[in-house]
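Reading through the structure tokens given below for one structure.
The values are calculated or read from the model by the stated rules, or taken from the named source; none is laboratory data. Keep in mind that this is a model prediction, so the values were computed, not measured. Cβ placement follows ideal geometry from the backbone for every residue including glycine, while neighbour counts extend to all protein chains displayed. Each accessible area value is taken on the protein alone, full model and side chains, heavy atoms only, with ligands, DNA and RNA left out. Shrake-Rupley method; radii C 1.70, N 1.55, O 1.52, S 1.80 Å.
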Amino acid sequence: MLEVEAALDIVLEHTTALSTETISDYSALLGRIMAESISSDIDSPPFTKSMMDGFALRAGDERHGPLPIVEVIAAGQMPRVVVESGQASRIMTGAPLPPGADSVVMHERCTVDEERTVTVNEAIKLGQNVVQRGQEMQQGEVVLTTGTSLGPQEIGLLAAVGRTSLSVYRQPQVAIISTGDELLEPNRFPGPGQIRNSNGPMLVAQTLRARALPHYRGIVPDQREYLQTIVADSLEKYDVILLSGGVSAGAYDFVPEVLTSLGIETHFHKIKLKPGKPLLFGTKGRQLIFGLPGNPLSSFVGFELFVRPALRRMRGLANANPYFTSLPLQSELVCRGDRRTFIPAKIEWEMSGVSVRPFRWFGSADLRAMGRADALLSVEPGSHTFAAGTPVTTVLLTQD
Ligand code: AMP
Ligand code: MG
């Protein structure tokens, strides 16, 4: 049986970035991945400017007694008067430095006599409180490169360099299909033997959190023909198909054979993983198909470990792997398993440092124990008792 890492490698080997599209709306860019590099159309700052409210003058002149104030320069206004040796101009933050001056002194360090003269009470370092034209970036300079994930700062930078449209990778379109005769929609009350479809809405939310576009296709009974019809239809329309349930070896688990009948190539069907051993991955051309186990927690973990990295790669990110890190346990952890086990946990942020608190957990149907989990602890097979403070491998769930 495959180890988690080997299975993830197989998934990513079969996954490529989607095609690109042009977006001309800043509010649609957050979290998108750039498919082109862009350069600045301006020098920034576009003129040499003051970083402080104060006085513009020549370094060294502070030693020469009260200096006559020859002009007041506001931001947005061009200076008209040259600052000669032994003179100063009052200047506001962001205003252009007047010709002749090379430095700015904060007004808190000055004594002003009725706006006519200024006495400087500190030694000036040449160029202090001045940003030179083009110091941040120069016209023609590449400021953002292809593959960059767009956060608020990058979007601000796009605006600063005048880019109003941008080529980015398409977002994956994901079909979500819940299989099982026992399932019913959440607005109904379960009769004997029935349970509500919690995986459907959960996978929709996980897909959204992964910045992909979910398409909920409803509940499909455990019948070959139904399953075949909806998978075939989804293959016509979407980049990724997520099925939950019906993927193990039960008499009514038709997912594997239906996928094969539709020309989908199965790359693996089982992983050494708890929860969630039966997990199927297949492809048809560049389309990906995941058969996730029906148990909600197994389905959740399977999505985070395998589907989400694939979605990241499709979105155009170079590093698609899950966010593995190591964090100290906040409390003791007792764990026993014959497979690598992933335990829901909460990251605790405190001034003294970050730690991770495992949740008590009653098996792979226990969604409630998952409540508020923002991490999964990864524990190797065997019997373990880890004391508080022991570093454990942790997968972060809330990262982009
Ligand atoms: P399966 O993988 O189809 O054998 O299902 C395993 C377990 O998960 C069974 O107890 C199912 O009733 C349950 N299950 C399957 N699909 C869902 C779903 N969409 N929502 C909640 N539980 C499910
Ligand atoms: Mg089932």
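Positive end of the dipole of the chain (Cβ unit charges, origin at the Cα centre): among Asn187, Val174, Val131, the Cα lying farthest that way belongs to Asn187. A 1.4 Å probe, protein heavy atoms only, puts the accessible area of Phe254 near 30 Å².
Computed over neighbours whose Cβ is under 12 Å from that of Asn121, the net charge equals -1, Lys and Arg +1, Asp and Glu -1. Placing unit charges on the Cβ atoms of the charged side chains and taking the dipole of segment 2-78 about its Cα centre, the candidate lying farthest along the positive direction among Met78, Leu8, Ser24 is Met78. Solvent-accessible area of the chain (1.4 angstrom probe, protein heavy atoms only): carbon and sulfur portion equals 51 percent.
If you average the alpha carbon positions of segment 264-335 and of segment 93-113, how far apart do those two centres end up, in angstrom? First find each Cα centre; the distance between them is then 59 Å.
Pairs of Cα atoms nearer than 8 Å and 6+ residues apart set the relative contact order; for the chain it is 16 percent. Here the Gaussian network model covers the chain, with springs between Cα atoms less than 10 Å apart; of Lys125, Lys277, Lys49, Lys125 fluctuates the most.
The accessible area of Ser27, taken with all protein chains in place and a 1.4 Å probe, comes to roughly 100 Å². Residues whose amide H falls under 5 Å from that of Glu141, counting only those 5 or more places apart or on a different chain, are Ser40, with hydrogens built in the peptide plane.
The 3J(HN,Hα) values that the Karplus relation (6.51, -1.76, 1.60; θ = phi - 60°) gives for segment 312-324 are, in residue order, 4, 5, 4, 6, x, 7, 6, 8, 9, 4, x, 7, 8 Hz. Gly and Pro appear as x.
Computed over the Cα atoms of segment 1-44, what is the ratio Rg over Rh, Rh following Kirkwood?
1.22
Accessible surface computed residue by residue for the chain, with neighbouring protein chains in place and a 1.4 Å probe, gives 47 Å² per residue.
Considering only Thr325, Thr146, Thr179, the mean-square fluctuation computed in a Gaussian network model of the chain, springs between alpha carbons under 10 angstrom, is largest for Thr325. Annotation for segment 340-400 versus segment 133-191: alpha-carbon center distance of 28 Å.
Just reorder Glu136, Glu154 by solvent-accessible area, largest first, 1.4 Å probe, all chains present.
Result, largest first: Glu136, Glu154.
Computed from backbone phi, the HN-Hα couplings of segment 42-57 come to 9, 7, 10, x, x, 8, 5, 9, 8, 9, 9, 7, x, 10, 8, 7 Hz, rounded to whole numbers (Karplus: 6.51 cos²θ - 1.76 cosθ + 1.60, θ = phi - 60°; Gly and Pro given as x).
Rolling a 1.4 Å probe across all protein chains gives Thr229 an accessible area of roughly 90 Å². For segment 56-204, the Cβ-based charge dipole about the Cα centre amounts to some 300 debye (Lys, Arg positive; Asp, Glu negative; other atoms uncharged).
Taking all protein chains together and a probe of 1.4 Å, list Lys237, Lys284 from the most accessible to the least accessible. Please list the in-between numbers first.
Numbers: Lys237 110, Lys284 80 Å².
Reading off the accessible areas and sorting them downward yields Lys237, Lys284.
Ordered from largest to smallest accessible area (heavy atoms of protein chains, 1.4 Å probe), the residues Met34, Met106 come out as Met106, Met34.
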